[in-house]
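Since the structure comes first, as structure tokens, the remarks are kept for the end.
All of the numbers you see were taken from the coordinates with simple rules; none came from a lab. Please read these numbers as outputs of a predicted model, since none were measured by experiment. Here Cβ is always computed from backbone atoms with ideal geometry, including for glycine, and neighbour counts include all displayed protein chains.
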Amino acid sequence: MNASVSSQTPPMIKLSDVRKSYGHFEVLKGIDAEVARGEVVVICGPSGSGKSTLIRTVNRLEEIASGSITCEGNDIHGTMPAKELNRLRSRIGFVFQSFNLFPHLSVLDNIAMSPIRVKGVARAVANDKAMRLLDRVGLADKAGSYPGQLSGGQQQRVAIARALAMEPPVMLFDEPTSALDPEMVGEVLAVMKSLAADGMTMMCVTHEMGFARDVADRVWFIDDGQIIETATPEAFFSNPQHARAKRFLADLRH
Ligand SMILES: Nc1ncnc2c1ncn2[C@@H]1O[C@H](COP(=O)(O)OP(=O)(O)OP(=O)(O)O)[C@@H](O)[C@H]1O
Ligand SMILES: [Mg+2]
């Protein structure tokens, strides 16, 4: 690739001095960070440190008080018509702890709905794509099932397929496995691993440190509304720099 071209490519996600408060409580205290194209970032830190708030600001599920967040150079929190905001948002997939599938729609329809409604994709094309995505997450046989008929791990894999149906260049995950029974965690992490292997840009809030070790390019450790450490997983786990990060890892190991 031409170096001068690649150096001009904006980062996939860029946060600049992002601040947010709930009343008098400042929950994000000036976040500066970047996620490169194809990078997998694991965000960890103590409960209440601001991880969910941070990741929710990235697709504007939460407003910010000041600073800026861009996705491929587009200002997510700028003033724009609703249609434009929806278009930007559809480029950022989001998977939550709670799967939030539509209970009255089949698995196939859950996945095909947004491409049909938001992008105007023809139903046959959307269904075809949904079947391929179901195959990818190992659930091709569940297309006609309803969410209530699936296990938690299966529902979360459908939720991932649903997000992927919009073909987002970046995916956000907020503790996607923490509501699951232990035996279902692995199947969801395996899907996330395969996404990472295919080059998806990912921001993942997770306590799954095995996943962080195996898959993350970088770990961000957040404490009290600030990213106080960013490191490769090797460096973070073997030699955390801050006392707070050392304590966090020691607590996790217990
Ligand atoms: N809607 C809200 N109104 C008021 N305070 C809030 C709101 N949402 C979050 N907070 C507070 O902001 C802080 C950060 O919350 P956040 O959910 O981002 O933390 P977290 O790091 O994701 O925690 P956890 O690991 O428990 O999920 C907490 O002190 C929380 O109580
Ligand atoms: Mg959270």
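Here are some notes:
- Phi to ³J(HN,Hα) by Karplus 6.51 cos²θ - 1.76 cosθ + 1.60 over segment 184-193, Hz, x for Gly, Pro: 9, 5, x, 5, 6, 4, 5, 5, 5, 4
- Taken along the Cα-to-beta-carbon direction at a fixed 7 Å, the label points for residue 178 and residue 22 span 1.3 nm.
- Its alpha carbons considered, the chain gives a radius of gyration followed by a Dmax of 18.4, 55 Å.
- Evaluating 6.51 cos²θ - 1.76 cosθ + 1.60 at θ = phi - 60° for every residue in segment 173-178, the Karplus couplings come out as 10, 10, 6, x, 10, 7 Hz, glycine and proline recorded as x.
- Fluctuation leader among 64, 160, 111 - the chain, Gaussian network, Cα springs under 10 angstrom: 64
- Given charges at beta-carbon only (K, R positive; D, E negative), |dipole| of the chain in Debye: 520
- Derived scalar couplings between HN and Hα for segment 62-71 equal 10, 7, 10, 7, 7, x, 8, 10, 10, 10 Hz in order, rounded to whole Hz, by the Karplus curve 6.51 cos²θ - 1.76 cosθ + 1.60 (θ = phi - 60°), x for Gly and Pro.
- Sequence ranges 134-142, 114-122, ranked by mean other-Cβ count within 10 angstrom, highest first: 134-142, 114-122
- In plain terms, the residue of 80, 192 with the fewest other Cβ atoms within 10 Å comes first and the most crowded comes last, giving 80, 192.
- For the chain, share of DSSP beta bridges that run antiparallel, in % to the nearest 5: 55
- Computed from the Cβ-Cβ distance with R0 of 30 Å, the FRET efficiency linking residue 217 to residue 82 stands at 0.30.
- Relative contact order of the chain, defined on C-alpha pairs under 8 angstrom at six or more residues apart (%): 26
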